[in-house]
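The values are calculated or read from the model by the stated rules, or taken from the named source; none is laboratory data. Just so it is clear, the structure is predicted and the values come from calculations on it, not from any experiment. Glycine gets a Cβ as well: all are built from the backbone with ideal geometry, and neighbour counts include every protein chain shown.
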Amino acid sequence: MNARFRSLLLVLWLACGGTAFAQGFAGLGTDAEGFAMPQPGHVFSFPQDHGAHPDFRIEWWYVTANLSGPDGTPYGLQWTLFRSALKPGEAEGWESPQVWFGHAAVTSATVHKAAERFGRGGTGQAGVTAEPFEAWIDDWHMEGDLLGTARLSATGADFAYDVTMRAAGPLVFHGQDGYSVKSAAGQASHYYSQPFFEVEGTLTLPEGEIPVRGTAWLDREWSSQPLAETQSGWDWFSLSFADGDKLMGFRLRDAAGGDFTSATWIEADGTTTPYGDGALVATPLEESQVAGRAVPTRWRVILEDKGLDVTVAALNSQAWMGLTVPYWEGPVIVSGSHEGRGYLEMTGYEAP
Amino acid sequence: MTAATLGALASHWMRNRVQFLTLVVGLALATALWSGVQAINAEARASYDAAAAALGEGRLDQLVPANGETMPQERFIALRRAGWLVSPVVEGRLRAGTSTLRLVGIEPLTVPVGAAASAALANTDLAGFLEADTLMAGPEAADVLRGALPNPVIVDASIASGTVIADIGVAQELLDRGGRISRLVVSPVQPLRQRPLAEVAPDVVLQRADGASDVGRLTDSFHLNLTAFGFLSFAVGIFIVHGAIGLAFEQRRGMVRTLRALGIPLDRLIVLMILELVVLALLAGGIGILLGYLVAAVLLPDVAATIRGLYGADVAGTLQIRPVWWLSGLAMAVGGALVAAASALWRLSRMPILASAGGRAWAVASGRGRSIQAAAALFLLAAAGGLAVMGAGLVAGFAILACLFLGGALALPLCLAVILKTGQDRSSGVLPQWFWADSRQQLPGLSLALMALLLAMAANVGVSTMVSSFRLTFTGFLDQRLSAELYVDAAGVDDRAALERFLDTRADEIQPILSVETELAGLPAELYGARIGRTYRENWRFLAAEADVWDRVADGEAVIVNEQLSRRAGLGLGDRLAAAPGLALPIAGIVGDYGNPIGQAIVSETLFRQAYPAVSAARFGLRTDNPEALRRALVDEFGLPSSSIIDQAAIKRFSLSVFERTFSVTEALNVLTLAVAAFSILMSLLTLAAMRLPQLAPVWAMGVTQRRLAGLEVLRTVLLALLTAVLAIPLGLLLAWVLLAVVNVEAFGWRLPMFLFPLEYGRLILLTLAAALLAASWPAWRLSRMAPASLLKVFAHER
């Protein structure tokens, strides 16, 4: 439909008006429009925090999974539910200011399929409930227990998947106990993950149904100001290494110069070490032409403190999410000081 | 020096005001024709888009309540959660002050592409639309709303007038229909998996969007007609501008010679002349655009009425100034003028500095180009032939048109030269011999104007033939296919026998429409079972049929097939077709079936029910004298939703009126094109008049009176116009053939029979002759009244 209409909505979500000054009122806990602001020292409480936080402007439930077919063929899947509030709070029916959108994708070395859905809160078309946990938009679902067993499903015009996720480890909190700083000016979000899912299920692709097994990673994040005004996009890595350790790292690119990086080293038992700006170094090694633009699809990622120096390469360089707001997201293969696999998300790469 | 040169150039116009006038008026008229057609075209397109957007759901499948006017909103949620990509719509009449508007409530996040309001939504932002209970409407409805409701109103001209668009929540509140929706629009792209409709929402019915396709095809043809006319008028315009500029330059040859002899460098002279030309072209183009606006304003109410009739939706009948046709008009004037000047300037620059600037030298110079022109004409005509045989696609169709058009125009002077030479060879006597020879001598000077006339005539013949052929074919087709007054969609009716019993007493004739999709002669096709009554017998026209076709079909002894099936399977009358397993019947009739992509066969209802006992009629055609009463009875007494009843008679009336109005617009444009062509003849004659004095003066000196000479001048122009008109008819018919058999096939996928309209062509020839007569009479009148001294001067002056 009208791409402009929807992209306005998403631009609203991505840019949030660049109100960096609002951070100055952080002590009051709200910004100029009445949205709640992330607070350091927030004490998470579950299951409530698995659910929606309608007083914050944006929020997501973000699942990526690295899978293998019966013959070892690598696959990846993505399931994301975004919430974006036009104003704080929730209301019944069409009055609800909450807008939801879902993104789903399946990727192999040669195929990449993506779909999106839109919906309004308040009517039951889309939403998240904490207990019992259910996140849905239309017929796309994530439901069950995030520390036990949950089901994940989505369909597009030419693909579908239906998998079961089994938690094999604890929840993990990024930054300072889940308060994750996003820029030198102090923009931040509440951010935790469940990176220890074991997955089993079925992918449906045009060539038929494929039974798959693998691992999945859930990210939960909410905020009211994700980016500073000059930040043009991000490169986000979630890597799982053969020895059971994991790394979450991101690089926020700044048009004014100087990138902002952040990372969390997750040991196999869930013990975390947070790293602030500068510890993680991510350097593009090779770019691919994707959807008429150059996107880095091979990276060198270094975290000196943990002796990490790896090359991260896209399984499929053409994993372009050609949706209303386009971005790159796909499975990656890790080699070098550590072997493994993971997911890479890159936003803000504009076509010339 | 520059100023002096400019002064000299300008002084030419001061001394030849008539010529200046003809140049400016010629350019202005050509621009007017072009921009007028463009304006009508642009306006029509914009109006289509608005109307199509307002009624866009007609082109998408819909889920409607099986009973009643609305369904609970929960159906929307249930269907979405079962994988159905649907979007809710609530619709109703909204009272605002003293008027009633149509309020359409939509859900902006799920509304599919091409649905109502998607064009308008593209121009607005979500937060404003959702949060402030905003209404969107066209300018007129917006004024009404502002006075009557507190809601903010966004004006959007793309919304059909009388329609208001709002968020579904706002609309439900304004219509007092909280939690209810009127229908669900089904997105054309659906996910891989979804639960069956009957399981999720058993009380809704899927309504396929096929009902709108007939109207869609009709509008497409109207559109094509306008596009073709815009294309043809552009070509005519180019020729006219070319003629006007070319002649103006030729006429100033003497002055150029003098200026160059005085020492003005050639390149500076050419730059200054180009500059002068651009200024003139902009002036004339500006006037032309204003004229075009007037033309469009006069013709546009017809176009607006056409669209209103077609969609049953209000379309603003006022013209909006669109930059597209402003710019294209000016570009046409300047571009055409420069293209025309290029050849004239090139020839000027190649002319020896002291060459005679007389008309004869010009004719000789043109004569040299004749072989090149002949080669170009032959090449273009051959290319047209080659493309017709080998080309494919709409582009090839239009390329054939272009080749024919240009090739025909270039071939005209050659054809005329041959005819005039023949005339000269066969004539005896001094004066007739001189008449023919002088006509030949004049041909180069008039050829551009005559080419314009040829193209105008050919375009008229071509477009009239196409439109009339369309009209005849479709009238017949609509009469036979939309013969019933009402159609009832019974897909949502459980007890169809009860519906039939209900209808039995109320309708004059019931035609259950029984059909299955099947394979006939190895091709995908539809088999229809028809209850043969007076409707079929009276209305259906066959491309080929046996005498007692309906009796034989009614008795179950024969079958009728459509043209597509007959052609593809190579079946003719009398051949046997296996209509169903164990049922092979001879073909007794073949019908035209315009727009249907697949084959079709029709057997009697009895045979159909025997072959497919499980199939029951999903639609009924109803004959009645009072469709409104029957419709009301169906809704009020039988409880059928009104959206299931289609007033087919109204659709037919609209469809037919489209052609009447298209025709009147085409006719008006025809007259205008001819008028412009006539003006270009007048212009050429006026320009030639002065040059021709040296040729006329000796004839006059030998005793032919000025009156007689003037008479001969008129006769010659009329003769040339007649020859051109006669040559234009085959060219026009070729154009029509390309439009009907190539462009139409590519654009719509079926070929229309071509009908000939000799009377119409005769009328056009008379009109052309009248135009030529009118164009020739003023120069002739001036010649007859010329002071003899002017003629005498020819012998006194060295020219």
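Computed values, structure above
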item: Filter result (of a type outside the set (Gly, Ala, Ser) and in a loop (DSSP other than H, G, I, E, B)) within the range A:305-340; result: A:Leu315, A:Asn316, A:Gln318, A:Leu323, A:Thr324, A:Val325, A:Pro326, A:His338, A:Glu339
item: Criterion (modelled with pLDDT of 85 or more, charged (D, E, K, R) and in the same structural domain as B:Phe76 (by TED's automatic domain parsing)) met by exactly one of B:Asp125, B:Asp133, B:Asp167, B:Asp156; result: B:Asp167
item: Checklist (1) more than 9 Å from every other protein chain (Cβ to nearest Cβ); (2) over 27 Å from A:Phe250 (Cβ atoms); (3) among the charged types (D, E, K, R) applied to A:Asp139, failing item; result: (1)
item: Residue selected from the range A:86-126 under the condition among the hydroxyl-bearing types (Ser, Thr, Tyr) and away from chain B (no Cβ under 11 Å), by the criterion surrounded by the fewest Cβ atoms within 10 Å (Cβ to Cβ); result: A:Thr110
item: Evaluation of A:Pro70 against (1) away from chain B (no Cβ under 14 Å); (2) within 14 Å of A:His190 (Cα to Cα) (one fails), failing number; result: (2)
item: Enumeration of residues in the range B:516-539 that are over 35 Å from the mean Cα position of the chain (by Cα) and among the hydroxyl-bearing types (Ser, Thr, Tyr); result: B:Thr518
item: Residue match in the range A:127-135 (condition: closer than 24 Å to A:Pro331 by Cα, modelled with pLDDT of 95 or more and more than 9 Å from every other protein chain (Cβ to nearest Cβ)); result: yes
item: Subset of the range A:202-224 that is among the polar types (S, T, N, Q) and part of a strand (DSSP E or B) - its residue that is farthest from A:Thr64 (Cα to Cα); result: A:Ser223
item: Among (1) in contact with a strand residue (DSSP E or B) (Cβ under 6 Å, 6 or more places away or on another chain); (2) over 19 Å from A:Ala65 (Cβ atoms), the one test that A:Ala256 misses; result: (1)
item: Qualifying residue in the range A:175-190 (condition: crowded, with 20+ Cβ neighbours inside 10 Å, more than 18 Å from the chain's Cα centre (by Cα) and more than 14 Å from chain B (Cβ to nearest Cβ)); result: no
item: Tabulated pairs, the range B:423-450, first over 16 Å from B:Leu715 (Cβ atoms), second among the β-branched types (Val, Ile, Thr), C-beta under 7 angstrom, 6+ apart or interchain; result: B:Ala449/B:Ile681
item: Criterion (over 24 Å from B:Leu135 (Cα atoms) and modelled with pLDDT of 65 or more) met by exactly one of B:Asp210, B:Asp220, B:Asp203; result: B:Asp203
item: Qualifying residue in the range A:181-192 (condition: in a strand (DSSP E or B) and free of Cβ contacts under 8 Å to residues at least 60 places away in the same chain); result: yes
item: Residue match in the range B:195-208 (condition: facing another protein chain (nearest Cβ under 10 Å) and of a type outside the set (Phe, Trp, Tyr)); result: yes
item: Hits in the range B:167-185 (condition: farther than 14 Å from A:Glu95 by Cβ and either in contact with a strand residue (DSSP E or B) (Cβ under 8 Å, 6 or more places away or on another chain) or in contact (Cβ under 8 Å) with a residue 24 or more places away in the chain (or both)); result: B:Leu174, B:Leu175, B:Arg177, B:Arg180, B:Ile181, B:Ser182, B:Arg183, B:Leu184, B:Val185
item: Filter result (more than 14 Å from chain B (Cβ to nearest Cβ) and either at pLDDT 95 or above or touching a Gly at 6+ places or on another chain (Cβ under 9 Å) (or both)) within the range A:156-172; result: A:Val163, A:Thr164, A:Met165, A:Arg166, A:Ala167, A:Gly169, A:Pro170, A:Leu171, A:Val172
item: Residue match in the range B:445-452 (condition: under 21 Å from the mean Cα position of the chain (by Cα) and modelled with pLDDT of 75 or more); result: yes
item: Residue list for the range B:393-418, filter: in a helix (DSSP H, G or I) and over 19 Å from B:Ala452 (Cβ atoms); result: B:Leu394, B:Val395, B:Ala396, B:Gly397, B:Phe398, B:Ala399, B:Ile400, B:Val418
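One line per residue, one yes/no per condition, for (1) under 19 Å from the mean Cα position of the chain (by Cα); (2) part of a loop (DSSP other than H, G, I, E, B); (3) among the acidic types (Asp, Glu):
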| position | (1), (2), (3) |
| --- | --- |
| A:Trp236 | yes, no, no |
| A:Asp277 | no, yes, yes |
| A:Glu287 | no, no, yes |
| A:Gly342 | yes, no, no |
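Results for (1) within 11 Å of chain A (Cβ to nearest Cβ); (2) in contact with a strand residue (DSSP E or B) (Cβ under 7 Å, 6 or more places away or on another chain); (3) at pLDDT 80 or above; (4) part of a loop (DSSP other than H, G, I, E, B), shown as yes or no for each residue.
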{"site": "B:Leu63", "(1), (2), (3), (4)": "no, yes, yes, no"}
{"site": "B:Ile77", "(1), (2), (3), (4)": "yes, no, yes, no"}
{"site": "B:Arg80", "(1), (2), (3), (4)": "yes, yes, yes, no"}
{"site": "B:Trp84", "(1), (2), (3), (4)": "yes, no, yes, yes"}
{"site": "B:Val89", "(1), (2), (3), (4)": "no, yes, yes, no"}
{"site": "B:Leu103", "(1), (2), (3), (4)": "no, yes, yes, no"}
